[in-house]
Protein chains: 2
Amino acid sequence: MLQLESKSAQDEMSKIQKSAVMVIGGAEDKIHGRLILQTFFQRSGAQDAIIAIIPCASREPATIGDRYRTIFQDMGAKDIEIFDIRDRQESDDERWHEFLARCTGVFMTGGDQLRLSGMMAATTVMDKVRMRAQMGEIALAGTSAGAAVMGEFMIAGGGSGESPNRSLVDLADGLDIIPEILVDQHFHNRNRMARLMSAIAAYPEKLGIGIDEDTCAMFESDDVFQVIGKGTVTVVDAAEMTHTTYPDAELTDPLSIHNLRVHILKHGDRYDFGSRRMLSSL
Amino acid sequence: MLQLESKSAQDEMSKIQKSAVMVIGGAEDKIHGRLILQTFFQRSGAQDAIIAIIPCASREPATIGDRYRTIFQDMGAKDIEIFDIRDRQESDDERWHEFLARCTGVFMTGGDQLRLSGMMAATTVMDKVRMRAQMGEIALAGTSAGAAVMGEFMIAGGGSGESPNRSLVDLADGLDIIPEILVDQHFHNRNRMARLMSAIAAYPEKLGIGIDEDTCAMFESDDVFQVIGKGTVTVVDAAEMTHTTYPDAELTDPLSIHNLRVHILKHGDRYDFGSRRMLSSL
C-alpha cells in the first residue's frame, strides 16, 4: 500500500515534470524523425493526448490545421480539435472551453504573429491556455509565429543585413506566456542576430532567445529550458549590460551596446533562465 | 628655449600617437565626406604623406590602385606609389624598399584575402610594412580583404544563414600585423555573426572583431582601438568561455559555445583590447 502510494506520488510528480512549453524556431521536421513534434505528442500524454491546434496565425488556418491534425492522428492522439477561430467573439463559444478543460496539449502554428496576437490576445480562450500552461497542466507548443508570441513583448518583424539599429526591429505586445523572454525564430537561418540584439537593447530586462529552424527551446518547471533539435538556440543576456544608446539614438543610427553575454546552445544543452546560467548538458 | 624643447617633445609625442593601424570593413566612402580615408591621409602626415598602395588582393590591381591614387592625390599627398607586385620575387626589387624606407602610410585594398596573403606573406616588402607599422612609424590601413589579413589567422571565406558550425568558416594564416585579433568585414551587412562566432570557437584566445562597411577600427598605441564611421564594430570575446564543442564536433554539426561576451561599438566608442574592456567614448 505504501509502495502504491509512493508510485502514485511519483506518477503525479512525473506528470508535472512532463508538462512543458515548447518554443519552436519554425520549419520543424514533419516527415521523418519528427523529433520535436513527437516530443510534444509525448508531453501531451501520448496515446491519451487530447490536442487543441490553434492555427490563427495563418491565412490558411484550415489547411495548416489539417496538416498538424494528420500528424498527431498518425502518432495516435486520442482526440484533436482545430480551433479555427476567425473572429475574437468566437473565442467565447462554449465548445472551445469544454475542449480546453479536458485537453492535455495545445499547439500554435506558424503564420503571422501580429495576426495571431490580434486574434487571440486577452480572449477567454488564450487566457485559459496561458493559465493551464503556466500551471503545468498542459503541454503548450508554438512554432515560428506561434513561438514569437511567447513573451510579454514580441518581435513582429524586422530586417537583416544592417548594423544593429532601432529601425531594424518592430516590437509589439506578445501573449505573455513566458514573460521573461523575448523570442526570435528562423534565427541563424534568416540571419537575425542583429535584430534580436536591437530588440534586447530596447528591453534589456528580457532574455533574448533566438531559435533556429527545426530546433526547440523546451521550458520546464524550475526555470530551466533544454534544447531539442537540429540547430542552435542563441541566448542574448543583457543583465551585465553597461551601456546602450537605445532610447536616445535616431531610428537608423547604429546602436552602441556594451557587455552582452551570448551563449550558443545545441541539442541537449540546458540553461537556467532564473539564475541566467548554463547547466551541464544532458 | 625651454618652451621650444617642450613643444618639440610634444610634436614627437603627438607624432607617435598619430600613427595607427586602421582596419576597415570595406565599402568605405570614397566620394563624399571620405571620413575614414581622410583620417588615414591625416595619420599619414597630410600634405607630407608619402603613401604606398598595395593592390595585390585585387584581380584588377592597376585599376583599383589608380582609384586610390586619385583619391589621395586629390587630398594633397606628397608622393604616392602603387605596389603592383604580381610575383612574390618582385618583392625584393630595390625600388619598393627605397620607397618603403621613406613612406609614411601604407594602404591595402580589397579583393581576395587569400590572393593577398599568397602574394605577400613572408615577403621582404610585407616584413618591412609590418615592422614599421608595429613600431608606430607609419600609418597602415587595410579595407575588406586588406582588413581580413591583419591577424595571425584570418577568415578566408565562409557562409551565412546557418547555425554556427565548423564548415561555416574557412580559416587560414593572416599577415600577423595585430596577432591578437581575428577580423571579419562587411560584417552585419553580410550577416557574418555566425561565421565569426564559429571562427572564435576555433581560436578562443583571439579577439573576434567584426567590422561593418564604411566603418573602421583604428588601433593606436596602448592597445586601444576606437571606432570611426557609419556602422558598428562588433567585439566577440571568448576570454570567459566555459565550454565549446569546436574541436570535436562534426564539420556541419551545430556548435555549442557558452559564455561569449559581445559588444556592439559605434563611432567614437573606444575599446582596450589589452585588458579587454570598454573605455568611455570620445
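The values are calculated or read from the model by the stated rules, or taken from the named source; none is laboratory data. Bear in mind that the values here come from a model prediction, so they are computed numbers and not experimental data. Note that each Cβ is placed from the backbone with ideal geometry, even for glycine, and that neighbours are counted across all protein chains shown. Side chains are part of the model used for accessible areas, which takes the heavy atoms of the whole protein and leaves out ligands, DNA and RNA. Shrake-Rupley method; radii C 1.70, N 1.55, O 1.52, S 1.80 Å.
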For this session: Averaging over all projection directions, find the projected area of the Cα convex hull of the stretch B:52-161 and quote it in nm² with one decimal place.
Result: 7.4 nm²
Exercise. Ranked from highest to lowest mean number of other Cβ atoms within 10 Å per residue, what is the order of the peptides A:215-223, B:80-88?
Worked result: A:215-223, B:80-88
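Work out the length of the dipole vector of the stretch A:91-209 about its Cα centre, built from +1 on the beta-carbon of each Lys and Arg and -1 on the beta-carbon of each Asp and Glu, and round it to the nearest 20 debye. All intermediate terms of the calculation are to be shown ahead of the outcome.
On the way: 11 positive and 15 negative charges, 72 e Å.
Roughly 340 debye, rounded to the nearest 20.
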Exercise. Farthest toward the dipole's positive end in the stretch B:12-269, which of B:247, B:44, B:258, given Cβ charges of +1 (Lys, Arg) and -1 (Asp, Glu) about the Cα centre?
Worked result: B:44
Problem set entry | Amide H partners (placed H, <5 Å) of residue B:213, local residues excluded | B:186, B:187, B:188, B:189
For this session: Would you kindly work out, in nm and rounded to one decimal, the distances from the label point of residue A:270 to those of the same position in each other copy, ordered shortest first, with label points 7 Å along Cα-to-Cβ?
Result: 4.6
Seminar exercise, completed: Computed over the Cα atoms of the stretch A:126-282, the Rg and Dmax in Å are 15.0, 45
Problem set entry | Average Cα contact separation per residue, the stretch B:175-236, under 8 Å, 6 or more apart, as relative contact order % | 32 percent
Problem set entry | Cβ-based net charge around residue B:214, under 11 Å, with every Lys or Arg adding one and every Asp or Glu removing one | -1
For this session: In vacuum, with every alpha carbon of the stretch A:12-269 counted as one equal point scatterer, what does the Debye formula give for log10 I(q)/I(0) at q = 0.11, 0.12, 0.14 Å⁻¹? Two decimals, please.
Result: -0.56, -0.66, -0.89
Problem set entry | Gaussian network model of chain A, Cα within-10 Å springs - most flexible of A:64, A:200, A:31 | A:31
For this session: Output, in nm with one decimal and in ascending order, the distances from the residue B:239 label point to the matching label points of the other copies (7 Å from Cα along Cα-to-Cβ).
Result: 2.0
Seminar exercise, completed: With all protein chains in place and a 1.4 Å probe, residue B:258 shows an accessible area in Å² (nearest 10) of 10 Å²
Seminar exercise, completed: Under 5 Å from the placed amide H of residue B:154, counting only residues 5+ away or on other chains, we find B:172, B:173, B:174
For this session: Report, for residue B:66, each distance to the same residue's label point in the other copies, shortest first and in nm; define the point 7 Å along Cα→Cβ.
Result: 6.5
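Which net charge results when you count Lys and Arg as +1 and Asp and Glu as -1 among the other residues whose beta-carbon is under 15 Å from that of residue B:128? Write down the numbers at each step before the final one.
Working: positive: B:88, B:95, B:102, B:130, B:132; negative: B:81, B:90, B:92, B:93, B:94, B:98, B:127, B:137, B:176.
Result for the local shell: -4.
Quick one: if you take sqrt(5λ) for each eigenvalue of the C-alpha gyration tensor of the stretch A:72-118, what semi-axes come out, biggest first, whole angstrom? Before the final figure, lay out each step's value.
Values: eigenvalues 87, 52, 12 Å².
For the stretch A:72-118, the semi-axes come out at 21, 16, 8 Å.
Work out the mean other chain Cβ neighbour count within 10 Å for the residues of A:230-236 and drop it here as an integer.
Numbers: counts 3, 5, 10, 3, 6, 1, 1.
That average works out to 4.
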Seminar exercise, completed: On each of the three principal axes the extent of the alpha-carbon atoms of the protein assembly as shown, given in whole Å and largest first, is 99, 45, 44
Exercise. Relative to the Cα centre, what is the charge dipole magnitude of chain A, using +1 at the beta carbon of each Lys and Arg, -1 at the beta carbon of each Asp and Glu, and rounding to the nearest 20 debye?
Worked result: 620 debye
Seminar exercise, completed: Lys and Arg at +1, Asp and Glu at -1: neighbours of residue B:275 with Cβ under 14 Å from its Cβ sum to -2
